[in-house]
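Data block below; observations after.
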Amino acid sequence: MTSVYLDVAVESIQAYLSRTTDLKGRRGASAWLSDLTDRDELRRRLQENSDGWAAGVSVNDEAGEADGVVPLKLTPGCPPQAVAEAVFSELRGKLPALRMTAAWATADSYVAAHRRMPDRGDDPAAGDDAGHLDSLPAPGDFPLLVSCEQCRADPRVTHRDLHERKQVPMCADCAGRYDDRYRKPGLLTGAVPVSAELRLLDALELTPTNVVETFTDLAEIPGPSRKRNHLATVFADGNAMGALFRDVLATGDDELKRRVSREVSQATRGALLAATRAAMAVGQRPQRVPVIPHVVGGDDLLVSVTADRAWPFVRTYLTAFGERMRRIADEAELRRPSASAGVVFAHHTFPFRRCVELAEQALRHAKQAHHGQTPAVSWLDVNRDGEQRPPGRAAWTLPELTDRADWLTELAEMEQSAKAALERLAGSGGDGSEQVRRARIANQASRLQLAGLRSAGDLLDASGGPDRLVDALSLVRWWQ
Ligand SMILES: [Zn+2]
């Protein structure tokens, strides 16, 4: 039996969330999106039919959970455009600046329909049984209005009390992020509103008293590093997920088709939990959670992590995601999907919006470098690298990071002056051919007495060459 599968999704959700620089506004938006797209919430609204569009509409339980995506299933004859418009207006009623798209297709399963959705799948259908609709926020009618202090993106039209700051002028979207999402108006409590973050706290058996209130607090969580002012922004997503869904369709296994999308989102959530536990296990267990999830959607993940806990988080996340996906892949004799990540280290005052953009670029680099075949990580250390990836920087695969973990730990423990000297010798400045750099290191390293850790030749062999050594020296700045 066929149904019309309709996905209504927030566009560029990461960029949208990072419109506001402060963590509360960001959390408020995450919470609304998570709440508005929560299955139980959706079911309740459909049952009550309070929106008046529910006839013939049900929640699509075959879809995985994804913040910012409303997955619906319509009986034939029920008009997808009208339902999409109703969902658009409901979401925009809370967050006026959202950009959204809807896509639908008719099929006997969600995996089959998703491939045929225009603008979504890799085999879009034409004709009456599929379509899409875009929805942009209302244009600003008063271009002369002063812009909102929180986001600088829209004109200020109202004001709210934020902590001790009274009557802060802001746009309607920023105000929406604070309204009703916290127990008291004016953000008097530090409680985290309903969102992926609260689910994570529950799973860790912690409470909202265990969360930080600002990015500054997150950076200051005590850990092995003495520099307590840096954060890592981690952006991860699944490799070759399209191929997985194609393979599942080809098996003709109806039961698997119905649950594969959910399995993927459960792998993401399970891996997030495992990775957060790993981040908390570094050194002494911190009182407050060193990880803030911003978006957990399908196979996508965007989080902020205290810098000196980021590598255990990333390594565990990629390992755990792969293990969880391996189970389902092996069961159906399919190729095993994995995930890759982009990581950006920066001072906590560096704009979150820019961190997100750079992490996305790093993620793309990791995926392209290994054609999405192997779990891999590309990173940028804004203090050292600036906002451009250094030309020699490789995207390291998860096996490379794991196999070299002990060696990287030794390198991290070398004296700072020795590491700085090595970096100068291995770097490509001046005459930078590989042979020259190898010779330079071999000749001078012993003279510089590099903490007697290894001979220069061993260091080069263990790292895989001068470029890899430079990478390793960057990587160990936050290595744990
Ligand atoms: Zn604003």
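The values are calculated or read from the model by the stated rules, or taken from the named source; none is laboratory data. Computed from a predicted structure; not experimentally measured. All Cβ positions, even for glycine, are placed from backbone atoms using ideal geometry, and neighbour counts span all protein chains on display. These area figures cover heavy atoms from the full protein model, side chains too; ligands, DNA and RNA do not enter into them. Shrake-Rupley method; radii C 1.70, N 1.55, O 1.52, S 1.80 Å.
Here are a few things to note about the model shown:
- Protein accessible area in the range 208-403, 1.4 Å probe - carbon and sulfur %: 45
- Given 14 as the ceiling on other Cβ atoms within 10 Å, longest exposed-site-free region of the chain for trypsin sites (Lys or Arg not before Pro) in DSSP loops: 1-151
- Calculated FRET value between D161 and A138, using beta carbons and R₀ = 41 Å, to 0.05: 0.95
- Size descriptor, Kirkwood hydrodynamic radius, that averages inverse alpha-carbon separations across the range 248-361, Å: 15.4
- For the range 10-49, a Kirkwood hydrodynamic radius built from all Cα pairs, placed in the Stokes-Einstein relation at 20 °C and 1.002 mPa s, yields a translational diffusion coefficient of 192 µm²/s.
- Stokes-Einstein diffusion for the range 208-403 at 37 °C, viscosity 0.692 mPa s, with a Kirkwood radius from C-alpha pairs, works out to 192 µm²/s.
- The length gained by stretching the chain between E387 and Q368 to full extension, at 0.36 nm per residue less their Cα-Cα distance, is 4.9 nm.
- Considering only Cα atoms, the convex hull volume of the chain works out to 166 Å³ per residue.
- Helix-only mean residue ellipticity at 222 nm for the chain, each DSSP H run of n ≥ 4 adding -39500 (n - 2.57), per residue, nearest 500: -13000 deg cm²/dmol
- Considering only beta bridges that DSSP places wholly inside the chain, some 90 percent are antiparallel.
- Lys pairs, the chain - Cα-Cα below 18 angstrom, 8 or more residues apart or on other chains: 7
- Cβ-based charge dipole, the chain, positive-most Cα from A54, A376, N443: N443
- Per-q log10 I(q)/I(0), the range 41-144, q = 0.14 Å⁻¹ (Debye; single scatterer per alpha-carbon; no solvent): -0.58
- Whole-percent carbon and sulfur share, accessible surface of the range 94-139, 1.4 Å: 47
- Using the Karplus relation 6.51 cos²θ - 1.76 cosθ + 1.60 with θ = phi - 60°, the per-residue 3J(HN,Hα) values for the range 199-212 come to 4, 5, 4, 4, 5, 7, 6, 10, 10, x, 6, 9, 10, 7 Hz, with x marking Gly and Pro.
- Segment R285..E323, full-extension length gain: 11.1 nm, with 0.36 nm per residue of separation and the alpha-carbon distance subtracted.
- Selection from G25, V87, P124 lying farthest towards where the dipole of the range 1-138 points positive, charges on Cβ: G25
- Calculated accessible area for the chain comes out at 43 Å² per residue, all protein chains present (probe 1.4 Å; ligands, DNA, RNA ignored).
- Averaging the sequence gap over all C-alpha pairs within less than 8 Å and six or more residues apart, then dividing by the number of residues, gives the chain a relative contact order of 13 percent.
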